[in-house]
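One structure is given here, and the rest of the page talks about it.
The values are calculated or read from the model by the stated rules, or taken from the named source; none is laboratory data. The shown structure was predicted, so the numbers you read here are calculated from the model rather than taken from an experiment. With ideal geometry, Cβ positions are generated from the backbone for all residues, glycine too; neighbour counts draw on all protein chains shown. Side chains included, ligands, DNA and RNA excluded: accessible areas come from the protein's heavy atoms. Shrake-Rupley method; radii C 1.70, N 1.55, O 1.52, S 1.80 Å.
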Amino acid sequence: LTQPVTPDLLVSPSSQDGDLGSECPEDRGNWTGRLDFLLSCIGYCVGLGNVWRFPYRAYTNGGGAFLVPYFIMLAICGIPIFFMELSLGQFSSLGPLAVWKISPLFKGVGMGTILIVSLVAIYYNMIIAYVLFYLFASLTSDLPWQHCGNWWNTDLCLDHHVIKAGNNTLPVNISNTVSPSEEYWSRYVLHIQGSSGIGDPGRIRWNLCLCLLLSWTIVYLCILKGVKSSGKVVYFTATFPYLILVMLLIRGVTLEGAWKGIQFYLTPQFDHLLSSKVWIEAALQIFYSLGVGFGGLLTFASYNTFHQNIYRDTFIVTLGNAITSILAGFAIFSVLGYMSQELGVPVNQVAKAGPGLAFVVYPQAMTMLPLSPFWSFLFFFMLLTLGLDSQFAFMETIVTAVTDEFPYYLRPKKASFSAVICIALFLMGLILTTEGGMYWLVLLDDYSAGFGLMVVVITTCLVVTRVYGIKRFCRDIHMMLGFQPGPYFRACWMVLSPATMMALLVYNIVKYQPSEYGNYRFPTWAEVLGILMGVLSCLMIPMGMVVAVLQEEGTLWERVQQASRPAMDWGPSLEENRTGMYVASLAGSQSPKPLMVHMRKYGGITSYENTAIEVDREMEEEDEEESM
């Protein structure tokens, strides 16, 4: 008979040898620093939308009053879904495809996510290419969009210096004129006059093509070693934008007329709160700003240790993201206030959102400042760092999802596989570098992550709470963090978050408007193509269901039931973290009791093992209640 092993309760974990070096699967990789995960999440969430969408949305939806629905929607659907995604990733240590071992019937949700992220990654890197173009153009003593008289300018071009001079002599009619920065953007950078529309892309703009190649090269080099390399790059890309933002903010508020812009941005118009549109806009801003549903949060959390405090991290990232958006509004509108005073026009005539703000209005404002190339370079360098870490997340999501599906073939060749993905997406993005490329970019932006993404998030929420079970999900979180989510999270996951998302989806469908760029209206075939992009990601869900049902045996209903249950190996990736129903369900596992595994390996019982015992006891009590 073998002698029972008595654990040495006095030996500390650090003095043990053997296979205790890390809680994460080594072959998969994991974060190497304490702040890698937190900074990656901040970098991912704080992106271009914080600078060019939030300030504009705020002022068009009631100014300071917009902050009321904004923070309410953050509490109802932002924070809870953010925490749900992190929990799923950390608990399973799996990417957005393999995580559907939780309910294989719905694996199509993961496929839909990957399709959406791939489409977004194609056009998002094109925006980074535009930023690089402007960054290089700022390395001069005189900004090229400062004056008229260049070969790309037309007779409609009117310099703001002329306007200022005109105010002192004769009034100048500026209604039918175009600023130099707008002509530089449309006629020189895009060369859009070479295309008659989306069906006529024209020639490739080689300077843009080279910028796109450079941006893909930068992204590849940063994700070359997975989270071990991107986790270090974010120490710069996630923090440096804040330094520049503060510099632009200080410069902005010290300008003459800045207060006019800030007043315009923040003056509360509480009558707007009675409009459903304002609440929908707030929810949309939260939804896209936090990046829920794209798989990035789930992917990042999957590289955490099992007991990482993601509860704390959720509040740090979501609130930090909201504060950053508000700060960016001050930096943008203070400069727009100064610009409106210089031009002698109201603020609402110079305020724009999206690319129009980043590549037309703000560059024009830069030309009015002393040392304009310096401020222009800073602004575009900030946009570059804001965009890059969001792109890292998109790429890491795609690579992790596929390598987790085929770990034996792809994990040893992860660098090569990443290169193949980057090259493929670069080639697909070449149409965006043509003279009509902006039309394709608008089409991708409008449809790739629209209603398809909302369907993915709603389905995820319903599967976790209804199919997998809210009790079981909360118990999993208890295993990880040592406490169960409170009534607030349960209420949001069960009712409030899905209901809000459904309202968003219905609003998007009812208020559907065809895409347009300036005065150009997209043809019907382009609209159909865009709608198909969104529908295809939704169709992945029923397609995945069909495949999952065909792999099971029995009657149709038995197959559906079997496919909806978690896979046998669902649960924590390491044996010592598996308790209760997860015991001995890993391939090759010989452990009858996870508690003994802990005692043998770690010497003694920690607070997490106590949690494991509590969870087991709760499950036994529930089983007894059900049997009675």
Review point. FRET efficiency for ILE531 and THR254, Cβ-Cβ distance as r, R0 = 56 Å, nearest 0.05?
Key: 0.70
Revision key, fill the gap. Sorting GLY199, GLN562, THR217 by the position of each Cα along the dipole of the chain (Lys, Arg +1; Asp, Glu -1; all at Cβ), the one nearest the positive end of that ordering is GLY199
**Study point:** Computed over the stretch 474-571: relative contact order in percent, which uses C-alpha pairs under 8 Å that are six or more apart
**Key:** 9
**Study point:** Point-to-point label distance, MET502-LEU274, nm (Cα→Cβ direction, 7 Å offset)
**Key:** 2.8
Practice item. Name the longest site-free stretch of the chain, where the excluded sites are GluC sites (Glu not before Pro) in a DSSP loop with no more than 10 other beta-carbon atoms within 10 Å. Key: 257-552
Point to revise | Heavy-atom accessible area order for VAL178, VAL131, largest first, 1.4 Å probe | key: VAL178, VAL131
**Study point:** In nm, spacing of pseudo-spin labels at ALA491 and ILE72 (7 Å Cα→C-beta vector)
**Key:** 1.4
Exercise for review: Counting only chymotrypsin sites (Phe, Trp or Tyr not before Pro) that are in a DSSP loop and have at most 14 other C-beta atoms within 10 Å, tell me the longest site-free stretch of the chain.
Suggested key: 152-482
Review point. Could you give the longest part of the chain that holds none of the trypsin sites (Lys or Arg not before Pro) found in DSSP loops with at most 13 neighbouring Cβ atoms within 10 Å?
Key: 204-510
Practice item. Give the carbon-plus-sulfur fraction of the accessible surface of the chain in %, rounded to a whole number; probe 1.4 Å, heavy atoms of protein chains only. Key: 64
**Study point:** 1.4 Å probe accessible area per residue over the chain, in Å²
**Key:** 42
Check your understanding: In deg cm²/dmol, rounded to 500, what helix-only [θ] at 222 nm does the chain give when every DSSP H run of at least 4 residues adds -39500 (n - 2.57) and the total is split over its residues?
Key -> -19000 deg cm²/dmol
Review point. If you take the beta carbon distance between LYS101 and LEU556 as r and set R0 to 25 Å, what does 1/(1 + (r/R0)^6) give as a FRET efficiency, to the nearest 0.05?
Key: 0.70
Practice item. Would you work out if the stretch 403-492 is rounded, prolate or oblate? Take a ≥ b ≥ c from the square roots of the eigenvalues of the alpha-carbon gyration tensor; rounded if a/c is under 1.5, else prolate when a/b is larger than b/c, oblate otherwise. Key: oblate
Check your understanding: Taking a ≥ b ≥ c as the square roots of the eigenvalues of the Cα gyration tensor of the stretch 482-577, is the shape rounded (a/c under 1.5), prolate (a/b larger than b/c) or oblate?
Key -> oblate
**Study point:** Given LYS414/LYS471; LYS101/LYS511; LYS260/LYS511; LYS352/LYS511; LYS228/LYS413, the pairs whose alpha carbons are separated by over 25 Å
**Key:** LYS414/LYS471; LYS101/LYS511; LYS260/LYS511
Practice item. Express in nm, to one decimal, how much length is gained between TRP151 and TYR408 on full extension, taking 0.36 nm for each residue of separation and deducting their alpha carbon distance. Key: 86.8 nm
Review point. Given a cut-off of under 8 Å on Cα pairs at least six residues apart, what relative contact order in percent is computed for the chain?
Key: 31
Exercise for review: Starting from the Cα-Cα distance between LEU214 and VAL546, subtract it from 0.36 nm times their residue separation and give me the gain in nm to one decimal.
Suggested key: 115.4 nm
Revision key, fill the gap. By the Cα gyration tensor axes a ≥ b ≥ c (a/c under 1.5 gives rounded; else a/b larger than b/c gives prolate, otherwise oblate), the shape of the stretch 317-394 is prolate
Study note, to complete from the structure: In the chain, helical segments from DSSP H whose Cα atoms cover 18 Å or more along their own axis and that average at least -1.0 on the Kyte-Doolittle scale are 79-92, 107-137, 206-223, 240-253, 276-290, 310-343, 372-405, 414-428, 497-510, 524-550
Study note, to complete from the structure: Placing each pseudo-label 7 Å from Cα in the direction of the beta carbon, SER141 and ASP200 end up separated by a distance in nanometres of 4.2
